[in-house]
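Trainee: My structure is below; once you've seen it, I'll send some questions.
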Amino acid sequence: MAGRILIIGACGQIGTELTLKLREIHGNDQVVASDIRDGAKELMESGPFEILNATDETHIRQIINDYRVSEVYLMAAMLSATAEKAPMKAWHLNMDSLFHILNIAKEGIINKVFWPSSIAVFGPTTPKERTPQTTVMEPTTVYGISKQTGERWCEYYHRKFGVDVRSIRYPGIISYKTLPGGGTTDYAIEIFHEAIKNSSYKSFLAEDAALPMMYMDDAIKATVDIMQAPAEKIKIRSSYNLSAMSFTPEILASEIKKHIENFEISYEPDFRQSIAESWPSSINDSAAREDWGWKHEFDLEKLTGTMLEGVGETLKTTKN
Ligand code: AKB
(Lines give C-alpha, C1' and ligand atoms only; values in the text may rest on other atoms or scores of the structure.)
Protein backbone atom coordinates (compact mmCIF):
# COMPACT_ATOMS: atom_id res chain seq x y z
CA MET A 1 0.00 0.00 0.00
CA ALA A 2 1.21 3.51 -0.87
CA GLY A 3 0.47 5.09 2.51
CA ARG A 4 -1.24 4.46 5.82
CA ILE A 5 -4.93 3.90 6.52
CA LEU A 6 -6.86 6.35 8.73
CA ILE A 7 -10.07 5.30 10.46
CA ILE A 8 -12.24 8.16 11.69
CA GLY A 9 -14.75 7.01 14.31
CA ALA A 10 -12.56 4.02 15.18
CA CYS A 11 -13.98 3.55 18.69
CA GLY A 12 -17.57 2.89 17.60
CA GLN A 13 -19.25 -0.49 17.18
CA ILE A 14 -18.02 -1.16 13.61
CA GLY A 15 -14.90 1.05 13.80
CA THR A 16 -13.36 -0.96 16.64
CA GLU A 17 -13.54 -4.33 14.90
CA LEU A 18 -12.66 -2.84 11.51
CA THR A 19 -9.51 -1.24 12.94
CA LEU A 20 -8.37 -4.51 14.52
CA LYS A 21 -9.03 -6.41 11.27
CA LEU A 22 -7.16 -3.86 9.12
CA ARG A 23 -4.23 -3.92 11.57
CA GLU A 24 -4.15 -7.72 11.26
CA ILE A 25 -4.08 -7.43 7.44
CA HIS A 26 -1.74 -4.45 6.93
CA GLY A 27 0.28 -4.31 10.16
CA ASN A 28 -0.40 -2.35 13.36
CA ASP A 29 1.68 0.72 12.43
CA GLN A 30 -0.06 1.07 9.08
CA VAL A 31 -3.53 1.71 10.54
CA VAL A 32 -4.15 4.97 12.43
CA ALA A 33 -7.26 4.91 14.63
CA SER A 34 -8.99 8.16 15.56
CA ASP A 35 -12.10 9.17 17.46
CA ILE A 36 -13.48 12.00 19.56
CA ARG A 37 -12.98 9.83 22.68
CA ASP A 38 -10.84 6.94 23.88
CA GLY A 39 -11.93 3.43 22.96
CA ALA A 40 -11.33 -0.22 23.83
CA LYS A 41 -7.95 -1.02 25.42
CA GLU A 42 -7.01 -3.45 22.63
CA LEU A 43 -7.62 -0.79 19.98
CA MET A 44 -5.79 1.98 21.85
CA GLU A 45 -2.76 -0.19 22.57
CA SER A 46 -2.33 -2.09 19.31
CA GLY A 47 -1.34 0.85 17.07
CA PRO A 48 -1.36 4.63 16.57
CA PHE A 49 -4.36 6.52 18.00
CA GLU A 50 -5.35 10.19 17.74
CA ILE A 51 -8.19 12.14 19.36
CA LEU A 52 -10.02 13.69 16.39
CA ASN A 53 -13.32 15.50 15.90
CA ALA A 54 -14.61 14.34 12.48
CA THR A 55 -15.90 17.86 11.70
CA ASP A 56 -12.48 19.49 12.26
CA GLU A 57 -11.10 19.69 8.72
CA THR A 58 -7.79 21.30 9.72
CA HIS A 59 -7.02 18.53 12.19
CA ILE A 60 -8.03 15.80 9.71
CA ARG A 61 -5.64 17.30 7.13
CA GLN A 62 -2.87 17.52 9.72
CA ILE A 63 -3.22 13.84 10.71
CA ILE A 64 -3.37 12.74 7.04
CA ASN A 65 -0.20 14.72 6.39
CA ASP A 66 1.68 13.63 9.55
CA TYR A 67 1.01 9.92 9.03
CA ARG A 68 1.19 9.99 5.20
CA VAL A 69 -2.33 8.55 4.91
CA SER A 70 -3.58 7.35 1.51
CA GLU A 71 -6.87 5.64 2.47
CA VAL A 72 -9.65 6.82 4.81
CA TYR A 73 -12.56 4.90 6.39
CA LEU A 74 -15.05 7.51 7.65
CA MET A 75 -17.04 5.60 10.28
CA ALA A 76 -18.12 8.57 12.47
CA ALA A 77 -21.87 9.24 12.31
CA MET A 78 -24.87 9.91 14.50
CA LEU A 79 -27.29 6.96 14.12
CA SER A 80 -31.05 6.93 13.56
CA ALA A 81 -32.52 7.15 17.07
CA THR A 82 -30.00 9.67 18.47
CA ALA A 83 -30.18 11.84 15.34
CA GLU A 84 -33.95 12.32 15.84
CA LYS A 85 -33.14 13.98 19.17
CA ALA A 86 -30.44 16.32 17.78
CA PRO A 87 -31.25 16.82 14.07
CA MET A 88 -28.93 19.75 13.31
CA LYS A 89 -26.02 18.27 15.22
CA ALA A 90 -26.50 14.98 13.34
CA TRP A 91 -26.71 16.72 9.97
CA HIS A 92 -23.57 18.74 10.75
CA LEU A 93 -21.57 15.67 11.83
CA ASN A 94 -22.80 13.30 9.11
CA MET A 95 -22.45 15.74 6.20
CA ASP A 96 -19.48 17.98 7.09
CA SER A 97 -17.22 15.03 7.85
CA LEU A 98 -18.06 13.48 4.47
CA PHE A 99 -17.38 16.71 2.57
CA HIS A 100 -13.99 17.11 4.29
CA ILE A 101 -12.91 13.64 3.19
CA LEU A 102 -14.35 13.88 -0.34
CA ASN A 103 -12.59 17.25 -0.86
CA ILE A 104 -9.27 15.89 0.43
CA ALA A 105 -9.66 12.96 -2.02
CA LYS A 106 -10.59 15.34 -4.85
CA GLU A 107 -7.31 17.20 -4.26
CA GLY A 108 -5.45 13.89 -4.71
CA ILE A 109 -4.06 13.91 -1.13
CA ILE A 110 -5.67 10.50 -0.43
CA ASN A 111 -6.61 7.98 -3.10
CA LYS A 112 -9.37 5.77 -1.63
CA VAL A 113 -12.35 6.39 0.66
CA PHE A 114 -14.81 4.08 2.45
CA TRP A 115 -18.02 5.69 3.66
CA PRO A 116 -20.86 3.65 5.19
CA SER A 117 -24.46 4.17 4.15
CA SER A 118 -27.46 2.35 5.65
CA ILE A 119 -30.85 0.76 5.01
CA ALA A 120 -32.09 4.06 6.53
CA VAL A 121 -31.83 5.62 3.04
CA PHE A 122 -35.14 3.88 2.29
CA GLY A 123 -38.53 5.09 3.46
CA PRO A 124 -42.20 4.14 3.73
CA THR A 125 -42.77 4.43 -0.05
CA THR A 126 -39.91 2.00 -0.84
CA PRO A 127 -40.90 -1.61 -1.71
CA LYS A 128 -40.56 -3.37 1.67
CA GLU A 129 -39.67 -6.91 0.64
CA ARG A 130 -36.39 -7.68 -1.15
CA THR A 131 -35.86 -3.95 -1.64
CA PRO A 132 -34.05 -3.46 -4.97
CA GLN A 133 -30.73 -1.65 -5.37
CA THR A 134 -32.37 1.13 -7.37
CA THR A 135 -35.83 2.12 -6.17
CA VAL A 136 -37.96 4.85 -4.57
CA MET A 137 -36.03 6.48 -1.70
CA GLU A 138 -37.97 8.88 0.53
CA PRO A 139 -36.33 8.53 3.97
CA THR A 140 -38.22 10.05 6.89
CA THR A 141 -35.39 10.20 9.48
CA VAL A 142 -32.62 12.79 9.81
CA TYR A 143 -30.08 9.97 9.68
CA GLY A 144 -31.69 8.50 6.54
CA ILE A 145 -31.80 11.90 4.82
CA SER A 146 -28.11 12.46 5.62
CA LYS A 147 -27.14 9.02 4.30
CA GLN A 148 -29.19 9.40 1.11
CA THR A 149 -27.68 12.85 0.49
CA GLY A 150 -24.23 11.47 1.21
CA GLU A 151 -24.74 8.72 -1.37
CA ARG A 152 -25.61 11.32 -4.02
CA TRP A 153 -22.46 13.30 -3.18
CA CYS A 154 -20.25 10.18 -3.28
CA GLU A 155 -21.53 9.35 -6.74
CA TYR A 156 -21.09 12.98 -7.84
CA TYR A 157 -17.46 13.18 -6.62
CA HIS A 158 -16.70 9.91 -8.39
CA ARG A 159 -18.30 10.97 -11.68
CA LYS A 160 -17.07 14.58 -11.71
CA PHE A 161 -13.66 14.30 -10.06
CA GLY A 162 -12.78 10.58 -10.29
CA VAL A 163 -12.76 10.11 -6.48
CA ASP A 164 -12.44 6.39 -5.65
CA VAL A 165 -15.16 6.26 -3.00
CA ARG A 166 -16.81 2.95 -2.07
CA SER A 167 -19.86 2.37 0.09
CA ILE A 168 -22.23 -0.22 1.55
CA ARG A 169 -25.76 0.19 2.89
CA TYR A 170 -25.29 -1.60 6.22
CA PRO A 171 -28.31 -3.34 7.75
CA GLY A 172 -28.49 -3.64 11.59
CA ILE A 173 -25.07 -4.95 12.69
CA ILE A 174 -25.00 -7.43 15.57
CA SER A 175 -21.87 -7.84 17.71
CA TYR A 176 -20.73 -8.25 21.30
CA LYS A 177 -17.28 -6.62 21.47
CA THR A 178 -18.32 -2.95 21.36
CA LEU A 179 -21.85 -1.74 22.08
CA PRO A 180 -23.67 0.24 19.38
CA GLY A 181 -24.87 3.76 20.13
CA GLY A 182 -28.28 5.15 19.30
CA GLY A 183 -29.58 2.90 16.51
CA THR A 184 -33.06 1.50 15.90
CA THR A 185 -31.63 -2.00 15.40
CA ASP A 186 -29.84 -1.94 18.80
CA TYR A 187 -32.58 -4.06 20.41
CA ALA A 188 -31.07 -7.10 18.66
CA ILE A 189 -27.91 -6.66 20.76
CA GLU A 190 -29.53 -5.59 24.06
CA ILE A 191 -31.69 -8.72 23.94
CA PHE A 192 -28.64 -11.01 24.27
CA HIS A 193 -27.26 -9.08 27.27
CA GLU A 194 -30.64 -9.15 29.04
CA ALA A 195 -31.26 -12.81 28.14
CA ILE A 196 -28.03 -13.82 29.86
CA LYS A 197 -28.34 -11.44 32.83
CA ASN A 198 -32.10 -11.67 33.57
CA SER A 199 -33.65 -14.29 31.22
CA SER A 200 -36.06 -11.58 30.06
CA TYR A 201 -36.16 -8.57 27.72
CA LYS A 202 -38.58 -5.71 27.09
CA SER A 203 -38.36 -4.86 23.39
CA PHE A 204 -38.70 -1.25 22.19
CA LEU A 205 -39.83 -2.63 18.80
CA ALA A 206 -43.06 -4.56 18.22
CA GLU A 207 -42.99 -8.35 17.94
CA ASP A 208 -43.48 -8.30 14.15
CA ALA A 209 -40.98 -5.52 13.26
CA ALA A 210 -38.94 -7.35 10.60
CA LEU A 211 -35.58 -5.73 9.79
CA PRO A 212 -32.50 -6.72 7.75
CA MET A 213 -29.61 -7.74 10.07
CA MET A 214 -26.03 -8.98 9.80
CA TYR A 215 -23.39 -10.41 12.13
CA MET A 216 -20.32 -8.17 12.58
CA ASP A 217 -17.82 -10.60 10.98
CA ASP A 218 -19.82 -10.50 7.74
CA ALA A 219 -20.00 -6.69 7.83
CA ILE A 220 -16.22 -6.45 8.31
CA LYS A 221 -15.62 -8.97 5.52
CA ALA A 222 -17.85 -6.95 3.16
CA THR A 223 -16.02 -3.72 4.05
CA VAL A 224 -12.58 -5.24 3.49
CA ASP A 225 -13.72 -7.00 0.28
CA ILE A 226 -15.25 -3.91 -1.35
CA MET A 227 -12.11 -1.89 -0.56
CA GLN A 228 -9.80 -4.59 -1.94
CA ALA A 229 -11.81 -5.16 -5.14
CA PRO A 230 -10.32 -3.79 -8.40
CA ALA A 231 -11.82 -0.35 -9.14
CA GLU A 232 -13.53 -1.52 -12.33
CA LYS A 233 -15.62 -4.04 -10.32
CA ILE A 234 -17.18 -1.23 -8.28
CA LYS A 235 -19.87 -0.22 -10.71
CA ILE A 236 -22.11 1.51 -8.16
CA ARG A 237 -20.55 4.59 -6.59
CA SER A 238 -23.50 5.69 -4.48
CA SER A 239 -23.78 2.64 -2.18
CA TYR A 240 -24.40 -1.11 -2.46
CA ASN A 241 -27.36 -2.96 -0.91
CA LEU A 242 -26.00 -5.66 1.41
CA SER A 243 -27.93 -8.46 3.05
CA ALA A 244 -27.49 -11.54 5.22
CA MET A 245 -30.76 -12.26 7.11
CA SER A 246 -34.00 -10.66 8.31
CA PHE A 247 -35.88 -11.31 11.53
CA THR A 248 -38.43 -9.87 13.95
CA PRO A 249 -38.00 -9.55 17.74
CA GLU A 250 -40.36 -12.52 18.07
CA ILE A 251 -38.28 -14.73 15.76
CA LEU A 252 -35.04 -13.74 17.51
CA ALA A 253 -36.59 -14.45 20.92
CA SER A 254 -37.65 -17.95 19.88
CA GLU A 255 -34.12 -18.66 18.61
CA ILE A 256 -32.71 -17.51 21.99
CA LYS A 257 -35.24 -19.76 23.79
CA LYS A 258 -33.58 -22.77 22.14
CA HIS A 259 -30.55 -21.96 24.35
CA ILE A 260 -32.23 -20.32 27.40
CA GLU A 261 -35.51 -22.19 27.92
CA ASN A 262 -37.02 -19.79 30.47
CA PHE A 263 -36.29 -16.65 28.40
CA GLU A 264 -39.30 -14.30 28.21
CA ILE A 265 -39.82 -11.35 25.89
CA SER A 266 -42.36 -8.51 26.30
CA TYR A 267 -43.04 -5.55 24.03
CA GLU A 268 -43.25 -1.83 24.73
CA PRO A 269 -42.72 -0.10 21.36
CA ASP A 270 -41.50 3.52 21.55
CA PHE A 271 -40.62 6.18 18.92
CA ARG A 272 -38.14 3.77 17.32
CA GLN A 273 -41.02 1.55 16.16
CA SER A 274 -42.09 4.12 13.56
CA ILE A 275 -38.49 4.35 12.31
CA ALA A 276 -38.42 0.54 11.96
CA GLU A 277 -41.76 0.61 10.13
CA SER A 278 -40.34 3.03 7.55
CA TRP A 279 -37.41 0.70 6.69
CA PRO A 280 -37.32 -2.40 4.45
CA SER A 281 -37.99 -5.87 5.90
CA SER A 282 -35.52 -7.53 3.55
CA ILE A 283 -32.94 -6.44 0.96
CA ASN A 284 -32.02 -7.61 -2.54
CA ASP A 285 -28.21 -7.42 -2.69
CA SER A 286 -27.64 -9.19 -6.02
CA ALA A 287 -25.57 -6.27 -7.38
CA ALA A 288 -22.97 -6.63 -4.59
CA ARG A 289 -22.91 -10.40 -5.12
CA GLU A 290 -22.42 -10.04 -8.90
CA ASP A 291 -20.06 -7.04 -8.99
CA TRP A 292 -17.52 -7.84 -6.27
CA GLY A 293 -18.45 -11.32 -5.06
CA TRP A 294 -20.21 -10.55 -1.75
CA LYS A 295 -21.29 -13.66 0.18
CA HIS A 296 -22.48 -13.82 3.80
CA GLU A 297 -21.58 -16.60 6.25
CA PHE A 298 -23.77 -16.03 9.30
CA ASP A 299 -27.45 -17.00 9.44
CA LEU A 300 -29.77 -16.53 12.45
CA GLU A 301 -28.79 -19.83 14.09
CA LYS A 302 -25.04 -19.17 13.84
CA LEU A 303 -25.46 -15.56 14.94
CA THR A 304 -27.49 -16.53 18.02
CA GLY A 305 -25.00 -19.18 19.17
CA THR A 306 -22.02 -16.85 18.62
CA MET A 307 -23.69 -13.92 20.40
CA LEU A 308 -24.74 -15.92 23.46
CA GLU A 309 -21.23 -17.30 23.84
CA GLY A 310 -19.55 -13.93 23.21
CA VAL A 311 -21.83 -11.86 25.46
CA GLY A 312 -21.59 -14.58 28.16
CA GLU A 313 -17.78 -14.41 28.12
CA THR A 314 -17.78 -10.59 28.13
CA LEU A 315 -20.14 -10.42 31.11
CA LYS A 316 -18.01 -12.96 33.00
CA THR A 317 -14.80 -10.95 32.48
CA THR A 318 -16.41 -7.63 33.41
CA LYS A 319 -17.75 -9.19 36.64
CA ASN A 320 -14.32 -10.56 37.66
C1 AKB B 1 -29.50 2.27 13.04
O2 AKB B 1 -30.34 1.51 13.55
O3 AKB B 1 -29.60 3.51 13.04
C4 AKB B 1 -28.29 1.65 12.35
C5 AKB B 1 -28.54 1.48 10.87
C6 AKB B 1 -29.50 0.48 10.40
O7 AKB B 1 -27.91 2.15 10.09
N8 AKB B 1 -27.99 0.39 12.93
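The values are calculated or read from the model by the stated rules, or taken from the named source; none is laboratory data. Since the structure is predicted, the reported quantities are computational estimates derived from the model, not experimental observations. Every residue, glycine among them, receives a Cβ derived from its backbone with ideal geometry; neighbour counts consider all protein chains shown. Ligands, DNA and RNA are excluded from the accessible area calculation, which covers all protein heavy atoms including side chains. Shrake-Rupley method; radii C 1.70, N 1.55, O 1.52, S 1.80 Å.
Trainee: Give me the lysines in straight-line cross-link reach of Lys128: C-alpha distance below 23 Å, same-chain residues under 8 apart excluded.
Mentor: Lys147, Lys295
Trainee: Taking H as built 1.01 Å from N, whose amide H comes closer than 5 Å to the amide H of Gly123, not counting residues under 5 places away?
Mentor: So Gly123 has HN proximity to Glu138.
Trainee: Arrange the peptides 204-213, 142-151 so that the one whose residues have, on average, the most other Cβ atoms within 10 Å appears first.
Mentor: Numbers: 204-213: 19.9, 142-151: 23.6.
Averaged packing, sorted descending, gives the order 142-151, 204-213.
Trainee: Could I ask something else about it? GNM, the chain, Cα, under 10 Å: largest mean-square fluctuation among Tyr156, Tyr240, Tyr170?
Mentor: Of Tyr156, Tyr240, Tyr170, the Gaussian network model singles out Tyr156 as fluctuating most.
Trainee: Identify which of Ile174, Ile64, Ile260 has the largest mean-square fluctuation in a Gaussian network model of the chain, with springs joining Cα atoms closer than 10 Å.
Mentor: Between Ile174, Ile64, Ile260, it is Ile260 that shows the largest mean-square fluctuation.
Trainee: Calculate, for region 6-85, the solvent-accessible area per residue in square angstrom, rolling a 1.4 angstrom probe over the heavy atoms of the protein chains. Numbers along the way, then the final one.
Mentor: Values: 3390 Å² over 80 residues.
In whole numbers, region 6-85 has 42 Å² accessible per residue.
Trainee: Nearest 5 percent is fine: what portion of the DSSP beta bridges confined to region 126-257 is antiparallel? Don't jump to the answer; show the numbers that get you there.
Mentor: Numbers: 3 of 8 bridges.
Restricted to region 126-257, the bridges split so that about 40 percent are antiparallel.
Trainee: Based on DSSP, what percent of beta bridges with both residues in the chain are antiparallel, to the nearest 5? Intermediate results must be reported in sequence, preceding the final value.
Mentor: Numbers: 3 of 32 bridges.
Looking only at bridges with both residues in the chain, the antiparallel portion is about 10 percent.
Trainee: Work out, in µm²/s and without decimals, the Stokes-Einstein translational diffusion coefficient of the chain at 37 °C, 0.692 mPa s, Rh from Kirkwood over C-alpha pairs. Provide the component values of the computation, followed by the final result.
Mentor: Details: Rh = 19.9 Å.
Translational D for this selection: 165 µm²/s.
Trainee: Something else about it: Within 10 Å of each candidate Cβ there may be at most 13 other Cβ atoms; applying that plus a DSSP loop requirement, which trypsin sites (Lys or Arg not before Pro) in region 170-251 survive? Don't skip to the end; give the middle numbers.
Mentor: On the way: sites: Lys177, Lys197, Lys202, Lys221, Lys233, Lys235, Arg237; in loops: Lys177, Lys235, Arg237.
Those that pass, being in a loop and sparsely packed, are Lys235.
Trainee: Sticking with this one: If you roll a 1.4 Å probe over the chain with all protein chains in place, what percent of the accessible area is carbon or sulfur?
Mentor: Values: 6710 of 13730 Å².
Roughly 49 percent, rounded to a whole number.
Trainee: For region 148-189, what is the accessible area per residue in Å² when the probe is 1.4 Å?
Mentor: Numbers: 1490 Å² over 42 residues.
I get 35 Å² per residue for region 148-189.
Trainee: Could you compute Rg(Cα) / (2.2 N^0.38 Å) for region 234-299, with N its residue count?
Mentor: Numbers: Rg = 16.3 Å, N = 66, 2.2 N^0.38 = 10.8 Å.
My calculation over the Cα atoms of region 234-299 gives 1.51.
Trainee: What is the helix-to-structure angle for 13-26, meaning the angle in degrees between its Cα long axis and the longest Cα principal axis of the chain, kept from 0 to 90 and rounded to the nearest 10?
Mentor: The angle comes out at about 50 degrees.
Trainee: Related question: With 5 Å bins from zero, work out the P(r) of region 1-134 over every alpha carbon pair and list the percent per bin.
Mentor: All Cα pairs considered, the percentages come to 2, 10, 20, 21, 18, 13, 8, 5, 2, 0.
Trainee: Once the other residues with Cβ under 11 Å from the Cβ of Thr55 are scored (Lys, Arg +1; Asp, Glu -1), what is the net sum?
Mentor: On the way: positive: Lys89; negative: Asp56, Glu57, Asp96.
Net charge in that neighbourhood comes out at -2.
Trainee: Still on this structure, please answer the following. Apply the Karplus curve 6.51 cos²θ - 1.76 cosθ + 1.60, θ = phi - 60°, to the phi angles in region 275-282 and return the couplings in whole Hz, x for Gly and Pro.
Mentor: The phi angles translate into 5, 4, 5, 7, 9, x, 8, 8 Hz.
Trainee: Using the heavy atoms of the protein chains alone and a 1.4 angstrom probe, what is the accessible area of region 248-320 per residue in square angstrom?
Mentor: On the way: 4040 Å² over 73 residues.
Spelled out: the 1.4 Å probe surface of region 248-320, per residue, equals 55 Å².
Trainee: Turning to a different aspect of this structure: Do the sum for the chain: with -39,500 (n - 2.57) for every DSSP H run of n ≥ 4, divided by all residues, what is the mean residue ellipticity at 222 nm, to the nearest 500 deg cm²/dmol? Mind showing how you got there, number by number?
Mentor: On the way: 13 runs with 138 residues, N = 320.
Taken over the chain, the calculation gives -13000 deg cm²/dmol.
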